[in-house]
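Working notes, beginning with the structure itself.
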Amino acid sequence: MSFTIIQLLKKQSAASLRVFSRRNTLQHLSCRQFNKQSCINPGDGLTNEQKLIFETAKDFATNEMEPKMKLWDEEEIFPRDVLQNAAQLGFGAIYCKEDYGGTGLGRLDASIIFEALSTGCVSTTAYISIHNVCAWMIDTFGTKELREKHLPSLASMERFASYCLTEPGSGSDAASISTSAVRKGDKYILNGTKAFISGGGESDMYLVMCRTGDSGPQGISCLLVENETPGLSFGAKEKKVGWNSQPTSSVIFEDCEVPASNLIGKEGQGFNIAMNALNGARVHIASCSLGAAHRSIELARDHVLVRKQFNRTLDSFQNVQFKLAEMATSLIASRLVVRHAAEALQNGAANKVTLCSSAKLFATESCSKICSDSLQLFGGYGYLKDYPVQQFWRDVRVHEILEGTNEIMKLIISRNLLST
């Protein structure tokens, strides 16, 4: 067992260790995640250590998230306590260095963690993934002082972080942001509005892309703005189709004074930092889609095995068999392309940007269809909120929009193909 896995286990509380231990009685068919005969076995191709990581996350999802995901969705609850319990397993700063509390794992490890957690709640897992992106930005580009000050509390999720790029007038054209930061002495004066910010109003710090120079990407910098900074406020919480266990709101800066020491990287480096962060975020969100699709297939399979029409269970109809086969094949293909992209990102491959974009495009669209097809197999029951398949379907739909729309993914992929 490697040092990183030992460190992972050391982070577990007694309660977490009880969750981690394998049970004699399995309450869900989904717990057969390493049935080697299953064509959708998520353990295929993983090392024993990675299987251990997956099992840890899957057990947490099954016991701590899945029983509560309906309540979190309906009452729009942000589950701070569960997030902090996840951090005890090392999920707060998964691929940050260990010197300030990071878990020190790799990008593929993060991908399988987010896939496993999403079987319990996509929305909550997606927030954890965004928080991890922010922790990595500070760990990779922040000064020693910023790393020392913020990473321990981010790793433990005592404090939460949000990524702020999108603006009301700047979505896919990210380089056109207008939020400004003017240097005055040892401070920046920040003005502008960010839109659709996950964690807005709940997070403790915001990593803000802002304009410190001329128009275009070279004029963008990244500032860390802590909650309760004078001049920082929030819009009303958005009413969303899905992703309801995490708040989304506008983040507003009105003559907001930010210490110059909170600059992440150098002036003019912000756009590069933001795009590097999005490479990981695209793998993350694709991984969350994998978990939703996997669980949806299991739910649909369990349903057709018992639901009868015309005096036969639905699994005996060839149309249903073929639909399940298509869904399974799509999940297998999506998992392969996502894990390939995660490894490329970890290894710094020359084509990592395109591979991350391809993974995001293919997996989010394929897994969204899997969730939709699963709902269809439930018939009218699938459209009822008593059945979780509809929540997976609602939660994954936005994955085709955020972290760069899938149309932008096609632009990135085609430009690469046409220029090489």
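The values are calculated or read from the model by the stated rules, or taken from the named source; none is laboratory data. What you see is a predicted model; the values in this text were computed from it and never measured. Virtual Cβ from ideal backbone geometry, glycine too; neighbours counted across all protein chains shown. Quick note on the areas: whole protein, heavy atoms, side chains included, nothing else; ligands and nucleic acids left out. Shrake-Rupley method; radii C 1.70, N 1.55, O 1.52, S 1.80 Å.
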> On full extension of the chain, what length is gained from Asp302 through Arg397, given 0.36 nm per residue of separation minus the C-alpha to C-alpha distance?
Replying inline: 31.9 nm
> Could you sort Ser178, Ser296, Ser156 by accessible area so the largest value comes first, with the probe set to 1.4 Å?
Replying inline: Ser178, Ser156, Ser296
>> Through the Karplus equation 6.51 cos²θ - 1.76 cosθ + 1.60, θ set to phi - 60°, convert the phi angles of the range 286-294 into ³J(HN,Hα) values in whole Hz; use x for Gly and Pro.
In response: 5, 5, 4, 5, 4, x, 5, 5, 4
>> Could you work out the percent of alpha carbon pairs in the range 316-419 separated by over 20 Å, rounded to a whole number?
In response: 49 percent
> For the chain, what ratio Rg/Rh do Cα atoms give with a Kirkwood hydrodynamic radius?
Replying inline: 0.98
> Can you give the calculated 222 nm mean residue ellipticity of the chain, where each DSSP H run of n ≥ 4 adds -39,500 (n - 2.57) and the sum is split over every residue, rounded to the nearest 500 deg cm²/dmol?
Replying inline: -16000 deg cm²/dmol
> Kirkwood Rh over Cα pairs of the range 177-222 into Stokes-Einstein at 25 °C, 0.890 mPa s: D in µm²/s?
Replying inline: 212 µm²/s
> If packing is taken as the mean number of other Cβ atoms within 10 Å per residue, what is the order of 78-91, 248-261, 112-125, highest first?
Replying inline: 112-125, 78-91, 248-261
> Under a Cβ-Cβ cut-off of 11 Å, what is the net charge of the residues other than Val182 that fall near it, where Lys and Arg count +1 and Asp and Glu count -1?
Replying inline: +2
> Using a Cα distance threshold of under 27 Å, what count of lysine pairs results for the range 140-263 when pairs must be 8 or more residues apart or interchain?
Replying inline: 9
> In a GNM of the chain with a 10 Å cut-off on Cα contacts, which of Thr313, Thr103, Thr179 has the highest mean-square fluctuation?
Replying inline: Thr313
> Taking the Cα-to-Cβ direction at Val241 and at Ser180 and moving 7 Å from each Cα, how far apart do the two end points lie in nm?
Replying inline: 3.7 nm
> Tell me, in nm to one decimal, what length is gained between Glu145 and Glu76 on full extension, where the rule is 0.36 nm per residue of separation less the Cα-Cα distance?
Replying inline: 21.3 nm
> Roughly what would the spin-label model give for Gln321 and Ser156, points 7 Å off Cα along C-beta, in nm?
Replying inline: 5.7 nm
> How many percent of the alpha carbon pairs in the range 86-228 exceed a separation of 28 Å?
Replying inline: 21 percent
> If each of Ser38 and Gln376 carries a label point 7 Å out from its Cα toward its Cβ, how far apart are those two points in nm?
Replying inline: 2.3 nm
